[in-house]
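See structure below.
Values in this text are rule-based calculations from the coordinates and carry no lab data. Just so you know, these numbers come straight off a predicted model, no measurement behind them. All Cβ positions, even for glycine, are placed from backbone atoms using ideal geometry, and neighbour counts span all protein chains on display.
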Amino acid sequence: MELDWEQRYQALNTPWDKGEPTPVLLEFLSNHPLSGKILVVGCGYGHDVRALAKHGGQVVGVDFAPSAIALAQSLPPIANETYLLADIFHLPKELHSSFDWVWEHTCFCAIDPQKRSHYVEAVAVALKPDGKLLAIFFLNPPNLENGPPYGVTVGELDQLFAKQFTLLREWQPKSAYPGREGREEMRLMQKN
Ligand SMILES: C[S@@+](CC[C@H](N)C(=O)[O-])C[C@H]1O[C@@H](n2cnc3c(N)ncnc32)[C@H](O)[C@@H]1O
């Protein structure tokens, strides 16, 4: 059964929320500030949205949980960031082909593995031609059988994205939340 994300936000039962931007994103931004239009999929309370905006991007955070978006919108703006209540599988047409970057952190692993090809399609639809997906994938979460988070193998990632994306770089991040060390992989991919 799919998790009711809105219910979890309403109950303040959000163990995934660490109250700060993703350490690997900050690690990446310190050497490679992203510019242009950036989409953050499954942005939750928007910590990564605000970190990206601080580094100069024009950032849109999207999530389909109204309580997450409401909280994100209630925070003082950092720079050029906005939030949108929407399902990433049904992004409004005006957002199609409009992003230079998509940032992924714990949205892919939150989605039913049966829908992964739809996820790849949704990201490709949002990106401009040659746009890039920067992603951290949770390969091997604890409690693998009962996601979310759902794990994924490197081979599955290769297969899933091969048709629509070119893998530019993959690496093990230096920073990680406690408990996730060595369980994650960063990927930089470009839309074909
Ligand atoms: C594990 S949480 C991670 C939230 C945020 N990235 C963070 O690190 O705090 C997964 C998020 O993805 C959102 N989500 C899941 N499926 C979605 C979909 N189809 N469209 C938009 N948001 C979705 C959930 O509402 C939830 O906020």
Matching residues, the stretch 21-44, being away from the ligand (no atom under 16 Å from the Cβ) and either touching a helix residue (DSSP H, G or I) at 6+ places or on another chain (Cβ under 6 Å) or assigned to a loop (DSSP other than H, G, I, E, B) (or both): His32, Pro33, Leu34, Ser35, Gly36
Strands (runs of 3 or more DSSP E) wholly inside the stretch 123-192 that include at least 1 residues being of a type in the set (S, T, N, Q): 165-171, 184-191
Qualifying residue in the stretch 153-173 (condition: within 14 Å of the ligand (Cβ to nearest atom) and out of contact with any His (no Cβ under 6 Å at 6 or more places or on another chain)): no
Residue satisfying all of: in the stretch 45-56; assigned to a helix (DSSP H, G or I) and within 14 Å of the ligand (Cβ to nearest atom); nearest to Leu85 (Cα to Cα) among these: Val49
Residues being outside any loop (DSSP other than H, G, I, E, B) and within 9 Å of the ligand (Cβ to nearest atom) - total across the stretch 1-20: 4
Residues of the stretch 99-120 satisfying the condition of being away from the ligand (no atom under 12 Å from the Cβ) and surrounded by fewer than 18 Cβ atoms within 10 Å (Cβ to Cβ): Asp100, Pro113, Gln114, Ser117
Qualifying positions in the stretch 57-98 - in contact with a Ser or Thr (Cβ under 9 Å, 6 or more places away or on another chain), more than 7 Å from the ligand (Cβ to nearest atom) and in contact (Cβ under 8 Å) with a residue 24 or more places away in the chain: Gly57, Val60
Selection count, the stretch 34-50, where residues are surrounded by fewer than 21 Cβ atoms within 10 Å (Cβ to Cβ) and touching a Gly at 6+ places or on another chain (Cβ under 6 Å): 2
Given (1) surrounded by 22 or more Cβ atoms within 10 Å (Cβ to Cβ); (2) more than 17 Å from the chain's Cα centre (by Cα), index of the condition Asn80 fails: (1)
